[in-house]
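Below: the structure, in structure tokens.
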Amino acid sequence: MGALFLALLELTFVMVSLMLFHGLKRTIGSSPFYLSLGMFFVLGQIVSSANLMVDPGLSGFRVNLGHTTLLAPYLAALLIVYVVDGTLEAQRLILGFVALLFGYYYLASVIASQCAWSTWITLGDDNSRYLQAVLQQSKRTVFATFVAQAVDLVVLPILFQFFHNRRSRLFFSVLGTLVLTQVIDSFLYQIIAYPELEEWWNQLRTSYLARAGGLIWLSGLTTVYLHMFPIEESGERRPLDIVLDFLGGYGRTRELQKSLREWEGRYRIVVQSSSDLIFIADHQGKVLNANPAALRALGLRPGQEFSIQDTARRQDDIPCDWAALWMDLQRGGPNAILHQDWKAITTAGDTIELDASISRGELREAPVAVVSARDVTARRRLEREHRQLEEQLVHAQRMQAVGQLAGGVAHDFNNLLHTIRGSIDGLSKQWELSAPSRAMVSNIDEAASRATELTAQLLGFARRGKYRMERYDVAEIVDKARSLFEPVAGRDILLKTIVAPDAMIVCGDSTQLQQVFLNLLLNARDAIHEKDAPGGRIVFRAEVAAEHTPGWQFRDQPEADPRRYVCVRVRDNGIGMTPEIQRSIFDPFFTTKGVGKGTGMGLAMAYGCVGNHHGWIHVESERGKGSEFFLFLPRL
């Protein structure tokens, strides 16, 4: 029984070795698997030729070491290749072993003839004669082995597919395949090598239990290994597919090679020459491959490792959650496509905007994600500028309509005020008025004066006011506005005035422009007080405009030279404004201040005054961080 147990261990060692090398094909390549399979096959031929047996003295338990422990695992390995690697790989294995049999037959013939030469020297005459006998026996049996193995290689996939398509359990499919294949193999081998059927029956009677036990154990090991891989559903392959594929295999192989070359060419044209950024990433977000356009856009070198998480961010500057995207992609099925708006950070620190599409793929039999992204930075910038220009146009049209209405009302109201003030002047010159009456006339005159000022502001907003247009240096107007503002600024506000040394001559009404600057400074002060935080700061500056100056893009004349304009800027760190407030700040009578604290005409008057000087106003603000106004005036 010890000999039987040792034979079982030998069978287990051979099968486990083959399964181990097959499982490591993706890591160490397929060469170790096929070399070990060929080694066991040749060794099985030699041992079978020597007719080496283990006879424990029990009926039916005689073990042929060549057939049972070496060649049976070879058949199980062929079955594994067919099930796991596919029909094409099984065909290659069959052709490889046919070539191996021819090579073995040739070398056995040559070496057997050399054993009879006088120049052949061994350690002993018996060794030479024994080797010659074994090789001669191999020559006699190799043809039988060739025919039997050729039939086995075709019959084995057919039998397995027959059982599998009938939804048999995997273990019984494997066991039935190996048993029937062994029966056919043994029968053909005996008929060709030893035509006496009596000898075949004698061998079956003396070894059938050992063979059956070995095949059951072998089927169990093979079934456990096959459960580690996804197996095609029953019915996807027909039993005779391997034979039909053999008959048309050469032409199909040529077509596949031609198609492969065509697809490789298309891949180079489409992917390598594409201007889109194309990545192949694994489940962890690691980029396995990227086309030249992607490497150029990100400033990376070929072969440099990076991941999607390190590069891509959402529009809110949060790194993309690749694990969540991967799960969504897997749940979406094989045709799932995810669309993402990303920001990518280049190695230079620049930000580019990407319109990305993510789809499923497979690389080296492992699932991957194919990311195709288009750089839309320029397009998005143009879209934002277009929306801003549209908003500016709508605002200008609305302000023009409001200005016309306000101008007409203010003009008629101004005429009425002249009549009222003339009557008040007449009343004030009458000596018979009592003191109370004279006080009421004074109150009416003061109210009429304030109404006159408000009317003047409305006419200025409507561009119907009277302007005294002269040449002035903006630096002088800025200095006068600063001197008027400093006494009312308050000790808790730091005012910093910056005036460029360039000559900044403009044609305009210095009084009106001074009032505009002062209004902006007062608004900045009020915004800082509303925030109610220490460290209030206002920056009041004048400089020659430049291409990068915020608001320059909203000029009426696209071909204008920025050096022909002066930009006056007022920036504060006050409460700031929401986008909704920014859209209404230039409307007449719009104010965010409390009742009695503002008329809502300060910025409206500033807007009309600057527009009457052929300039424009731009504002940038963020709630809680402050605001900055940009006034552009033509420079002489």
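Around the amide H of Met601, modelled in the peptide plane, lie the amide H atoms of Phe589, all under 5 Å away and 5 or more residues distant in sequence or on another chain. The slack in the chain from Asn414 to Ala503, taken as 0.36 nm per residue of separation less the alpha-carbon distance, amounts to 28.2 nm. Judged by the mean number of other Cβ atoms found within 10 Å, the most tightly packed of the peptides 507-517, 551-561 leads the ranking 507-517, 551-561. Close amide H partners of Tyr565, meaning residues 5 or more places away or on another chain with modelled amide H under 5 Å apart, are Ala545, Arg635. Each residue of the stretch 26-38 was assigned a 3J(HN,Hα) from its phi angle through the Karplus expression (A = 6.51, B = -1.76, C = 1.60, θ = phi - 60°), giving 6, 8, 10, x, 8, 4, x, 5, 6, 5, 5, 5, x Hz with x at Gly and Pro. Taking packing as the residue-averaged number of other Cβ atoms within 10 angstrom, the listed peptides 292-301, 562-571 run from highest to lowest as 562-571, 292-301. Amide H contacts of Met577 (H built 1.01 Å from N, in plane; Pro and chain starts excluded): Glu622, Arg623, Gly624, Gly626 sit under 5 Å, all sequence-distant by 5 or more or on other chains. Applying the Karplus relation 6.51 cos²θ - 1.76 cosθ + 1.60 with θ = phi - 60° to the stretch 155-169 yields 3J(HN,Hα) values of 5, 4, x, 5, 5, 4, 5, 5, 5, 5, 5, 9, 6, 6, 4 Hz, where x marks Gly and Pro. Across the stretch 620-636, coupling constants 3J(HN,Hα) worked out from phi with the 6.51/-1.76/1.60 Karplus curve, θ = phi - 60°, read 10, 7, 9, 4, x, 10, x, 9, 9, 9, 10, 10, 9, 10, x, 9, 7 Hz, and Gly and Pro carry x. Over the stretch 544-636, the Kirkwood radius and the radius of gyration, each from Cα atoms, give a ratio Rg/Rh of 1.00.
Projecting label points 7 angstrom from Cα along Cα→Cβ for Thr452 and Arg26 puts them 9.2 nm apart. Taking a ≥ b ≥ c as the square roots of the eigenvalues of the Cα gyration tensor, an a/c ratio of 1.5 or more together with a/b no larger than b/c marks the stretch 527-582 as oblate. In terms of packing, defined here as the mean over residues of other Cβ atoms within 10 angstrom, the peptides 468-478, 492-502, 63-73 line up highest first as 63-73, 468-478, 492-502.
Rounded to the nearest 0.05, what FRET efficiency do Leu636 and Gln557 have when you use their Cβ-Cβ distance and R0 = 22 Å? After rounding to 0.05, the efficiency reads 0.85. For the stretch 20-114, the convex hull drawn through the C-alpha positions has a volume of 121 cubic angstrom per residue.
Quick note: the coordinates plus some simple rules give every number you see, no bench work behind them. Keep in mind it's a predicted model, so treat the numbers as computed, not measured. So basically every Cβ, Gly included, is an ideal-geometry build from the backbone, and we count neighbours across all protein chains shown.
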